[in-house]
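Remarks on the structure that follows.
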Amino acid sequence: NTGKSVMLTWTTASEQNVREFRVEKSLDGMNWSTIGIVNAIGDSQSEADYHFQDYELQNAFMLYRLKLVDNDLTFTYSKIIGVCNEEESEDCKYYSLSGVEVIDIDRAPAGLYIQGCGSKRIKIVRP
């Protein structure tokens with residue numbers, strides 16, 4: 001996260017019949033939008049590096065995932081990562097998986113939560 005944009009990077013170990021990577025973003029963890037498409041190498045037995053830069057930071061906290069689309073149009077999703085917008089949020093905050101901020105994590109019910117601190121990536125925590 002550069003403050004004015006988020007640079008997403010990923011590496012594939014190998015590829016077989018991969019058509020493209022659709023970069024998806026969500027503000028609430030339920031509603032996803034495709035914000036970009038990165039063409040894949042397609043077939044490779046070696047590592048390949050990819051990147052996508054998101055310049056439209058709409059919220060203090062954003063979720064991203066990749067939709068890996070094969071040539072036959074079948075697809076799978078990557079893991080979800082979260083990013084805090086440094087200009088919007090400087091303190092550590094906790095969110096439910098639906099993206100709702102949790103004010104007091106110590107009093108929240110047991111479960112999975114997302115933690116964000118400045119420009120650091122988010123990790124899933126269990127209080």
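Accessible area per residue was computed with a 1.4 Å probe on protein heavy atoms; residue 4 scores about 150 Å². Electrostatic tally near residue 67: other residues with Cβ closer than 13 Å to its Cβ, Lys and Arg +1, Asp and Glu -1, net +2.
Taking label positions 7 Å along the Cα-Cβ direction at both residue 55 and residue 79, the computed distance is 3.1 nm, reported to one decimal.
Under the combined filter of DSSP loop state and at most 13 neighbouring Cβ atoms within 10 Å, the range 1-52 retains these GluC sites (Glu not before Pro): 47.
A Förster distance of 35 Å, applied to the separation of the beta-carbon atoms of residue 101 and residue 13, puts the FRET efficiency at 0.45. Partners of residue 93 within straight-line reach, counting aspartates and glutamates whose Cα lies under 20 Å from its Cα and excluding those fewer than 8 residues away in the same chain: 28, 101, 104, 106. Only protein heavy atoms count here; on that basis, with a 1.4 Å probe, residue 34 has an accessible area of about 80 Å².
In a simple Cβ point-charge model (Lys, Arg +1; Asp, Glu -1; nothing else charged), the range 13-58 has a dipole of about 120 debye relative to its Cα centre.
The values are calculated or read from the model by the stated rules, or taken from the named source; none is laboratory data. Here the structure is a predicted model, which is why all the values come from computation and not from measurement. Using ideal geometry, Cβ is built from the backbone for each residue, glycine included, and neighbour counts are taken over all protein chains shown. To get the accessible areas, we keep the full protein, side chains included, count just its heavy atoms, and leave off ligands, DNA and RNA. Shrake-Rupley method; radii C 1.70, N 1.55, O 1.52, S 1.80 Å.
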